[in-house]
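Following: one structure in structure tokens, then a few remarks.
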Amino acid sequence: MDERSLTVAAVRSVGPDSVAIDIETPPEFDAQPGQFVKLTLAVDGEDHSRFYTISSPDVDGEFEITIGIDPEGEVAPHIADLDAGDEVRIEGPFGSDYYEGEARAVILAGGPGVGPAIGIAERALQEGNEAAVVYQDSDPIHVDRIEALADDGALVEVLADDEDLTDAVAAAVADGGQVFVYGFADFLDEATAALEAAGVDGDDAKVENFG
Ligand SMILES: Cc1cc2nc3c(=O)[nH]c(=O)nc-3n(C[C@H](O)[C@H](O)[C@H](O)COP(=O)(O)OP(=O)(O)OC[C@H]3O[C@@H](n4cnc5c(N)ncnc54)[C@H](O)[C@@H]3O)c2cc1C
């Protein structure tokens with residue numbers, strides 16, 4: 001999709017320094033959780049673009065993105081200041097590492113990577129499939145949706161930033177499934193090492209590097 005101006009339906013705090021933004025889905029926009037969009041915002045009169053990954057299980061009517069805000073960041077704090085009714089410029093969807101109806105989804109998420117993790121896990125359970133989520137963040141966000149996933153039968157493990165991923169990843173992949181990894185580069189390195197330790201080839205995982 002070429003860049004379009006879309007309406008913000010809601011902006012919600014979903015935990016410390018984090019917001020979820022619901023955006024009205026335009027006609028002919030089809031996307032899956034794990035795909036991402038390019039959001040362009042004018043800051044001090046200059047256009048800046050950043051990528052954000054779809055964190056809703058579907059894009060029916062609206063779709064959601066989840067944003068971790070570094071108060072020192074150039075763009076994200078301005079996105080957090082948006083209000084319902086504002087317009088945002090969106091291009092996409094992009095990306096090939098998303099949920100495609102796999103029977104078991106094992107999602108490893110660091111920081112704001114939890115967005116696509118919950119979107120994919122919710123979609124998998126809705127379709128009668130299985131999901132496992134290993135989420136590393138000392139200040140977890142989307143806690144209500146994480147708890148709901150566990151209540152609905154997903155295997156869920158939340159770890160602090162200084163905790164080792166090895167055992168949690170080994171437990172999550174023990175029953176097989178397609179592995180997904182979402183987060184910044186340092187998390188991807190840790191997750192890949194944990195996968196290799198569990199005997200899973202990192203090249204078989206669907207991986208999205210946030211930067
Ligand atoms: C394909 C793709 C998908 C993405 N999806 C998401 C998403 O769903 N949600 C989301 O919040 N971000 C996502 N990002 C990152 C996002 O595009 C921005 O880079 C981020 O919001 C920071 O923008 P900024 O302008 O506020 O910070 P900038 O001024 O660009 O400064 C960089 C900031 O990025 C963050 N950062 C950079 N590297 C790391 C790191 N290793 N660990 C932790 N933080 C780091 C820090 O907050 C840092 O201050 C994605 C990036 C890509 C490439």
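The values are calculated or read from the model by the stated rules, or taken from the named source; none is laboratory data. Values in this document were obtained by computation on a predicted structure and should not be read as measured data. Every residue, glycine among them, receives a Cβ derived from its backbone with ideal geometry; neighbour counts consider all protein chains shown. To get the accessible areas, we keep the full protein, side chains included, count just its heavy atoms, and leave off ligands, DNA and RNA. Shrake-Rupley method; radii C 1.70, N 1.55, O 1.52, S 1.80 Å.
Values as computed for the structure displayed
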| item | result |
| --- | --- |
| Residue satisfying all of: in region 171-211; touching a residue at least 40 places away in the same chain (Cβ under 8 Å), in a loop (DSSP other than H, G, I, E, B) and open to solvent by 60 Å² or more (accessible area, probe 1.4 Å); nearest to I54 (Cα to Cα) among these | F210 |
| Pairs, first over 12 Å from I54 (Cβ atoms) in region 112-133, second part of a helix (DSSP H, G or I) and within 16 Å of the ligand (Cβ to nearest atom), C-beta under 6 Å, six or more apart | A131/A121; V133/A117; V133/A121 |
| Hits in region 33-62 - residues which are closer than 16 Å to P116 by Cα and either open to solvent by less than 40 Å² (accessible area, probe 1.4 Å) or in the same structural domain as G115 (by TED's automatic domain parsing) (or both) | P33, G34, Q35, V37, Y52, T53, I54, S55, S56, P57, V59 |
| Residue in region 63-84 that is most open to solvent (accessible area, probe 1.4 Å), counting only those that are more than 6 Å from the ligand (Cβ to nearest atom) and more than 17 Å from the chain's Cα centre (by Cα) | D81 |
| Pairs where the first residue, in region 47-69, is at positive phi and the second is more than 6 Å from the ligand (Cβ to nearest atom) and in a loop (DSSP other than H, G, I, E, B), C-beta under 8 Å, 6+ apart | G61/T25 |
| Residues (polar (S, T, N, Q), under 29 Å from S138 (Cα atoms) and assigned to a loop (DSSP other than H, G, I, E, B)) located in region 6-39 | Q32 |
